[in-house]
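The block underneath contains the structure these notes are about, expressed in structure tokens.
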Amino acid sequence: MGEETFPFGCGKFLTKSSDLLRFWTKVELKNVDSCWEWQGARFGPGYGQIMIGRPLLAHRVAYLDIVGPIPGRRTIRLECGNRLCCNPAHMVVAHNGHVR
Ligand SMILES: [Zn+2]
């Protein structure tokens with residue numbers, strides 16, 4: 001157990017509501033069954049990315065804000081397969097660091 005609860009440093013940086021507001025304005029919010037697609041910058045393999053002090057993966061920011069802390073160094077898997085999706089209802093916490 002260390003301080004690295006959040007592999008991408010989300011915990012430290014997600015303290016300002018203005019940052020979260022900026023984040024959610026770049027997400028196309030729909031009903032809970034639909035994908036909420038990230039409209040902002042892209043990260044290499046096709047994931048959404050936002051700069052909040054440092055680059056953070058968009059879907060992880062969404063998960064942290066709505067669901068809560070991500071345990072350990074676990075990967076958040078997007079069950080819908082849409083890498084730009086920011087709908088926490090489509091996310092599950094993977095059991096290890098395996099990334100598809
Ligand atoms: Zn989705």
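Name the single residue, out of those in region 50-100 being more than 16 Å from the ligand (Cβ to nearest atom) and in contact with a strand residue (DSSP E or B) (Cβ under 6 Å, 6 or more places away or on another chain), that is nearest to PHE23 (Cα to Cα).
Looking at the filtered set, the residue picked out is ILE50.
What number of residues in region 1-44 are modelled with pLDDT of 85 or more, touching a strand residue (DSSP E or B) at 6+ places or on another chain (Cβ under 6 Å) and more than 18 Å from PRO88 (Cβ to Cβ)?
Within region 1-44, residues that are modelled with pLDDT of 85 or more, touching a strand residue (DSSP E or B) at 6+ places or on another chain (Cβ under 6 Å) and more than 18 Å from PRO88 (Cβ to Cβ) number 2.
I'm told ASN87 meets every condition in (1) at pLDDT below 95; (2) polar (S, T, N, Q); (3) surrounded by 15 or more Cβ atoms within 10 Å (Cβ to Cβ) except one. Can you identify the failing condition by its number?
(1)
I'd like the full set of residues that are in contact with a Cys (Cβ under 8 Å, 6 or more places away or on another chain) and not in a loop (DSSP other than H, G, I, E, B), limited to region 53-84. Explain how you work it out, then say what you get.
As a first pass, look at region 53-84 and keep what is in contact with a Cys (Cβ under 8 Å, 6 or more places away or on another chain): 56, 58-62, 64, 70, 78, 80, 82, 84.
Within region 53-84, LEU56, ALA58, HIS59, ARG60, VAL61, ALA62, LEU64, LEU78 meet the criteria.
The values are calculated or read from the model by the stated rules, or taken from the named source; none is laboratory data. Keep in mind that this is a model prediction, so the values were computed, not measured. A quick note on method: Cβ atoms are made from the backbone with ideal geometry, for glycine too, and the neighbour counts reach across all protein chains shown.
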